[in-house]
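One structure is given here, and the rest of the page talks about it.
The values are calculated or read from the model by the stated rules, or taken from the named source; none is laboratory data. Please read all numbers here as calculations on a predicted model, not as lab measurements. Every residue, glycine among them, receives a Cβ derived from its backbone with ideal geometry; neighbour counts consider all protein chains shown.
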Amino acid sequence: MQWTTRVIKPVAFMLCLLPLLWLLADGLQHHLGANPVEKISHRTGDWTLRLVLLTLMITPLRRLTGWNVLIRLRRMLGLYSFFYACLHFLSWLVFDHFFDLHEIVKDIIKRPYITVGFAAFVLLIPLAVTSTNRWIKRLGSRWVQLHQLVYVIATGGVLHYLWLVKADVRRPVIYALLLAVLLAYRAWVRRRTNSTAVPRPMTQSKAA
Amino acid sequence: MLIKIKGPGEVTESEVTSQDLYLDRRRFLRLGAGSLLTAAALSNEIWQPALAGNKLAHVIKGPYTVDEPLTPYESVTTYNNFYEFGTDKEDPSRLAASLKARPWKVIIDGEVARPGSYDIDDLIKPHTLQERVYRLRCVEAWSMVIPWVGVPLADLLKRFTPNSRAKFVRFETLYDPKQFPGQRRSVLDWPYIEGLRIDEAMHPLTLMAVGLYGEVLPNQNGAPLRLVVPWKYGFKSIKSIVRITLTEQMPVNTWARSAPDEYGFYANVNPQVDHPRWSQAKERRIGDYFKRETLMFNGYGAEVAPLYSGMNLRKSF
């Protein structure tokens, strides 16, 4: 293992933990304001989206900078996205509904922003489960296909945010623009490899 | 029934110094100091042009109160929806200093016998200030219990003699992006407009607030003059009012203009009629972790339900 890898992974691990530590510290010191439940829900939701987008930035950044060590971080960022998504989901389950299954199901069916947010959360589960080396090996090229679900998840997450705000769409629109750039980059790479590469018989694009 | 109309000798819970306040020594001292200062200043004037935080003198207990714990002063003054300052809950208290609540003119016009532009202090001075403890239910499904200080809107409007064409009251918030940084972005169609039907405006529960917790209204809560309509969602309680117009036409309120399928003119608290995007059946009382059931008309049904008899509240939401 290179020294950069040895350093960059623990550093990234600690950095990704900071939003949670910050939330806990604020909670213990009663710094979460008048409505702490709302703060917990918003912060964990925000960090889920930020980490999903960060995960999607790894490949373009690696291509642009040539800094291949970045790829070592992708799985960790993806798993941290799932971690914050779990916290976000739990705060909704416990504080908004206190495990009232009937209300929960009603909310998921009736409220489009919850439908799409819940769907994105559920889709994260298989990606988290299959993130181990063993699963990567076992699934082979199907692993790449499966993990392209992240594009659906990211879109769902951004829609979830966009559909819940009342009037000020500035923040969700920033997320949406970032996501649009990241998706456009992939479309561009795919088109370029398809037209300039040596003709390959129907191979899976590695743009993911 | 949760609303009590007090007998003359009755002492309500809100008259007893709350435990929070008693324990909060700093605030207790500040209140004490404030009242000494105002007492000195008040030797020859009953109503003093006042700064946010100053204690209001000569406040009597109003006829309406609620037997529920008050939402702490700290929460009432730091968790605000007041988009003129910004869309985050903390923006109004953080940026409140940019609003100059004195001197302040209020235009009263339209279908009244005595239209004109009036100084806020002249407007309030002839009235006796009342304290009223009301529930406030936000359309975002959170709620508070707030001890407001103000005058019944009906008493104020009657001084200007509305005529028979006055079917609605239209209220307008100050438009000044220098004082209201949130108005530099067109999140909403400024200035903020709200409206009431004349019978709603004349209802004894409808209050024009100039204070809370016995103090002059803080800027983030809508200084110097804000409406309080406790059976309607909070966005009806328009803040920092500069114009009150009696009209024949139903005014289009800002949120209804912004999203007509989501916010109506009436905006009565109604747990059976959901916001199209979220449920209104429950609410989180600020200070609680879990939600409680929302009451029809925010618990003021006995007083206000007759105003809407025969109306389809699903349509007139």
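Points worth noting:
- The set of residues in segment B:83-109 being within 14 Å of chain A (Cβ to nearest Cβ) and in a helix (DSSP H, G or I) consists of B:ASP91, B:PRO92, B:SER93, B:ARG94.
One line per residue, one yes/no per condition, for (1) of a type in the set (A, V, I, L, M, F, W, C); (2) out of contact with any Gly (no Cβ under 7 Å at 6 or more places or on another chain); (3) under 30 Å from B:THR161 (Cα atoms):
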| position | (1), (2), (3) |
| --- | --- |
| B:GLY264 | no, yes, yes |
| B:ALA267 | yes, yes, yes |
| B:SER279 | no, yes, no |
| B:LEU295 | yes, yes, no |
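- Any chance B:THR65 is β-branched (Val, Ile, Thr), touching a Ser or Thr at 6+ places or on another chain (Cβ under 8 Å), at negative phi and assigned to a helix (DSSP H, G or I): no
Residue by residue, here is whether (1) within 14 Å of another protein chain (Cβ to nearest Cβ); (2) under 25 Å from B:LYS100 (Cβ atoms); (3) in contact with a helix residue (DSSP H, G or I) (Cβ under 8 Å, 6 or more places away or on another chain) holds:
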{"residue": "B:LEU188", "(1), (2), (3)": "yes, yes, yes"}
{"residue": "B:PRO204", "(1), (2), (3)": "no, no, yes"}
{"residue": "B:GLY214", "(1), (2), (3)": "no, yes, yes"}
{"residue": "B:VAL229", "(1), (2), (3)": "no, no, yes"}
{"residue": "B:LEU246", "(1), (2), (3)": "no, no, yes"}
{"residue": "B:VAL252", "(1), (2), (3)": "no, no, no"}
{"residue": "B:TYR266", "(1), (2), (3)": "no, no, yes"}
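- Qualifying residue in segment A:54-77 (condition: at pLDDT 95 or above, over 20 Å from A:LEU178 (Cα atoms) and within 14 Å of chain B (Cβ to nearest Cβ)): no
- Hits in segment A:166-190 (condition: within 14 Å of chain B (Cβ to nearest Cβ), within 17 Å of A:TRP47 (Cβ to Cβ) and in contact with a helix residue (DSSP H, G or I) (Cβ under 7 Å, 6 or more places away or on another chain)): A:PRO172
- The listed residues are A:LEU93, A:LEU28, A:LEU64, and the only one of them that is under 30 Å from B:LEU70 (Cα atoms) and over 20 Å from the mean Cα position of the chain (by Cα) turns out to be A:LEU28.
- Residue selected from segment B:158-186 under the condition in contact with a Ser or Thr (Cβ under 8 Å, 6 or more places away or on another chain) and in a helix (DSSP H, G or I), by the criterion nearest to the other protein chains (Cβ to nearest Cβ): B:GLY182
- Highlighted here are the helices (runs of 4 or more DSSP H) found entirely within segment A:1-109 that include at least 3 residues which are surrounded by 12 or more Cβ atoms within 10 Å (Cβ to Cβ), of a type in the set (D, E, K, R) and out of contact with any strand residue (DSSP E or B) (no Cβ under 8 Å at 6 or more places or on another chain): A:36-65, A:71-91.
- Looking only at segment B:266-276, and only at residues there that are buried (at least 17 other Cβ atoms within 10 Å of the Cβ) and under 17 Å from A:LYS166 (Cα atoms), the one that is modelled with the highest pLDDT: B:ALA267
- Number of the exception - A:PHE99 against (1) within 14 Å of another protein chain (Cβ to nearest Cβ); (2) more than 28 Å from B:THR87 (Cα to Cα); (3) touching a Ser or Thr at 6+ places or on another chain (Cβ under 6 Å): (3)
- Any hit, segment B:110-122, residues being at pLDDT 95 or above, away from chain A (no Cβ under 14 Å), farther than 23 Å from B:ILE198 by Cα and part of a strand (DSSP E or B): yes
- Of all residues in segment B:56-71 being of a type outside the set (Ser, Thr, Tyr) and buried (at least 20 other Cβ atoms within 10 Å of the Cβ), the one that is nearest to the other protein chains (Cβ to nearest Cβ): B:LEU70
- The residues of segment B:268-300 that are touching a residue at least 24 places away in the same chain (Cβ under 8 Å) and either within 9 Å of chain A (Cβ to nearest Cβ) or in a strand (DSSP E or B) (or both), listed by number, are B:ASN268, B:HIS275, B:TRP278, B:SER279, B:LYS282, B:GLU283, B:ARG284, B:ARG285, B:ILE286, B:GLY287, B:LYS291.
- Residues of segment A:131-169 satisfying the condition of being surrounded by 17 or more Cβ atoms within 10 Å (Cβ to Cβ), assigned to a loop (DSSP other than H, G, I, E, B) and hydroxyl-bearing (Ser, Thr, Tyr): A:SER131
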